[in-house]
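Chemist: Next up is a structure, given as structure tokens.
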Amino acid sequence: DLTPIHTLRRLIQTWCIFIASNGIERIPTPLPPIKKAQIVKLINDAKSPQLQMKCLIRLRSIASASEANKRCIEAAGAIEFLASIIKNNNTLSDEALSILYYLQLSKTSVKSLIHRNGEFIESLTRVLRHGHCESRAYAVLLLKSILEVVDPVQIMSLSFEFFTELVQVLRNQISYKASKSTLQLLINVCPWG
């Protein structure tokens with residue numbers, strides 16, 4: 001692990017300010033890393049309907065700041081919280097989907113999510129049918145990563161509706177990335193029947 005030398009950073013910043021007239025810009029001070037307790041508090045605050053959207057926006061902001069923040073969010077149990085929002089199919093599903101996508105879940109987290117929430121694939125299928133374009137794209141990208149790690153038994157039990165919605169995504173040409181992921185997903189699941 002690297003240990004920051006704060007005194008040296010302050011000296012460099014002071015030097016940058018001192019010679020700013022020569023076109024040198026001040027080096028920004030890095031933000032302190034997020035703590036697991038902060039994420040847990042944010043998730044608990046989000047259980048209040050009035051604060052949910054604000055907390056989800058804050059969660060996405062934290063996730064986009066760094067890889068360490070993404071892993072901290074994962075460790076704090078936010079994945080199950082986000083999955084429950086998607087499962088309940090409320091107005092916040094779009095935001096929850098985007099956060100789950102940006103987290104770039106590890107294979108272990110994906111397996112854990114499917115194990116704890118067996119209906120999550122059905123929830124994403126519902127998003128494919130009723131969601132907005134961006135949500136549908138996120139759902140396809142999540143499904144692709146999920147179906148790469150699930151057991152073949154779960155792949156063989158996919159519903160006809162699942163395939164119908166994937167074909168509809170291709171017809172609608174939501175985005176290049178969504179179409180490419182849909183085709184890869186179909187290639188991966190078709191050999192399982």
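The values are calculated or read from the model by the stated rules, or taken from the named source; none is laboratory data. Bear in mind the structure is a predicted one, so any value in this text is a computation, not a measurement. Quick reminder, even Gly has a Cβ in these numbers, built from the backbone with ideal geometry, and neighbours come from all protein chains shown. Protein only, heavy atoms only, side chains kept; ligands, DNA and RNA dropped before computing areas. Shrake-Rupley method; radii C 1.70, N 1.55, O 1.52, S 1.80 Å.
Chemist: Among (1) part of a helix (DSSP H, G or I); (2) touching a residue at least 12 places away in the same chain (Cβ under 8 Å); (3) closer than 19 Å to Ile114 by Cβ, where does Val153 come up short?
Modeler: Exception for Val153: condition (2).
Chemist: Also, quick follow-up: So Cys133 fits all but one of (1) surrounded by 14 or more Cβ atoms within 10 Å (Cβ to Cβ); (2) under 29 Å from Glu67 (Cβ atoms); (3) modelled with pLDDT of 80 or more; what number is the exception?
Modeler: Exception for Cys133: condition (1).
Chemist: Select from the stretch 158-193 the residues that are exposed (fewer than 12 other Cβ atoms within 10 Å of the Cβ) and among the small types (Gly, Ala, Ser) and write down the one among them that is modelled with the highest pLDDT.
Modeler: So, considering only residues that are exposed (fewer than 12 other Cβ atoms within 10 Å of the Cβ) and among the small types (Gly, Ala, Ser), the one modelled with the highest pLDDT is Ser159.
Chemist: Need pairs with beta-carbon distance below 7 Å; first residue in contact (Cβ under 8 Å) with a residue 12 or more places away in the chain and within the stretch 98-117, second open to solvent by less than 100 Å² (accessible area, probe 1.4 Å) and in a loop (DSSP other than H, G, I, E, B); sequence gap 6+ or separate chains.
Modeler: Lys107/Val149; Val110/Val149; Lys111/Val149; Ile114/Val150
Chemist: Can you tell which of Ser109, Ser98, Ser93 is surrounded by 21 or more Cβ atoms within 10 Å (Cβ to Cβ) and of a type in the set (S, T, N, Q)?
Modeler: Ser93
Chemist: Just to be sure before I move on: is Ala65 of a type in the set (Gly, Ala, Ser), open to solvent by 40 Å² or more (accessible area, probe 1.4 Å) and more than 13 Å from Tyr102 (Cα to Cα) in the structure I sent?
Modeler: So Ala65 does not fit the description; no.
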